[in-house]
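The values are calculated or read from the model by the stated rules, or taken from the named source; none is laboratory data. Not measured: the values here are computed from a predicted model. Here the Cβ positions follow ideal geometry from the backbone for every residue, glycine too, while neighbour counts run over all protein chains shown.
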């Protein structure tokens, strides 16, 4: 099973502000849906609540939470617990969709990263872990698509 981080961040690694995305780009949302459809997605409780505590369709939704249990998704109290359970189902890919704490925990386990780079700076209180100094050492850029003046989709694989 490939563990793939999928994230949108700005030039300063901002991924959130006050529990929401600081931007709205339909190209990014469409890319996210196309990329993750049909595969399990793993997220923290905050991300799930940001989604209205409703599972995203056509994906197995897995939530990490030490305080809440939801009836409509699989819940685990640790990343390790969730990974063990998911491995039993033998999916070819698992997408990690945030938030900041989950990204930090999954960073050293990830095989790939799919980054939407937002070419602006936004106010934020939640950040993606710094990885840019590891490009060429740990991460190899395998593709980049400049979608617009605002966005690029960049794919990295672990070296």
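General observations
- Matching residues in segment 148-159 - criterion: being within 18 Å of residue 25 (Cα to Cα) and crowded, with 16+ Cβ neighbours inside 10 Å: 151, 153, 154
- Condition check for residue 109: in contact with a strand residue (DSSP E or B) (Cβ under 6 Å, 6 or more places away or on another chain), surrounded by fewer than 18 Cβ atoms within 10 Å (Cβ to Cβ) and either within 24 Å of residue 137 (Cβ to Cβ) or without any contact (Cβ under 8 Å) to a residue 24 or more places away in the chain (or both): yes
- Residue 70 being touching a residue at least 24 places away in the same chain (Cβ under 8 Å) and touching a strand residue (DSSP E or B) at 6+ places or on another chain (Cβ under 8 Å): no
- Restricting segment 71-128 to residues that are in a helix (DSSP H, G or I) and in contact with a helix residue (DSSP H, G or I) (Cβ under 8 Å, 6 or more places away or on another chain), the residue that is farthest from residue 42 (Cα to Cα): 105
- Just so you know, in segment 1-22 the residues that are buried (at least 19 other Cβ atoms within 10 Å of the Cβ) and not in a strand (DSSP E or B) include one that is modelled with the lowest pLDDT, and it is 21.
- Identity of the residue in segment 23-48, buried (at least 16 other Cβ atoms within 10 Å of the Cβ) and over 14 Å from the mean Cα position of the chain (by Cα), that ends up nearest to residue 99 (Cα to Cα): 23
- Any hit, segment 84-91, residues being touching a residue at least 60 places away in the same chain (Cβ under 8 Å), over 12 Å from the mean Cα position of the chain (by Cα) and surrounded by 12 or more Cβ atoms within 10 Å (Cβ to Cβ): yes
- The numbered conditions (1) touching a helix residue (DSSP H, G or I) at 6+ places or on another chain (Cβ under 7 Å); (2) touching a residue at least 40 places away in the same chain (Cβ under 8 Å); (3) not in a loop (DSSP other than H, G, I, E, B) are all true for residue 62 except (2).
- Residue 47 being touching a residue at least 24 places away in the same chain (Cβ under 8 Å), part of a helix (DSSP H, G or I), within 15 Å of residue 4 (Cβ to Cβ) and in contact with a helix residue (DSSP H, G or I) (Cβ under 9 Å, 6 or more places away or on another chain): no
- Restricting segment 33-44 to residues that are outside any strand (DSSP E or B) and in contact (Cβ under 8 Å) with a residue 60 or more places away in the chain, the residue that is farthest from residue 75 (Cα to Cα): 35
- Residue identified as closer than 19 Å to residue 32 by Cβ and in contact with a strand residue (DSSP E or B) (Cβ under 9 Å, 6 or more places away or on another chain) among 97, 86: 97
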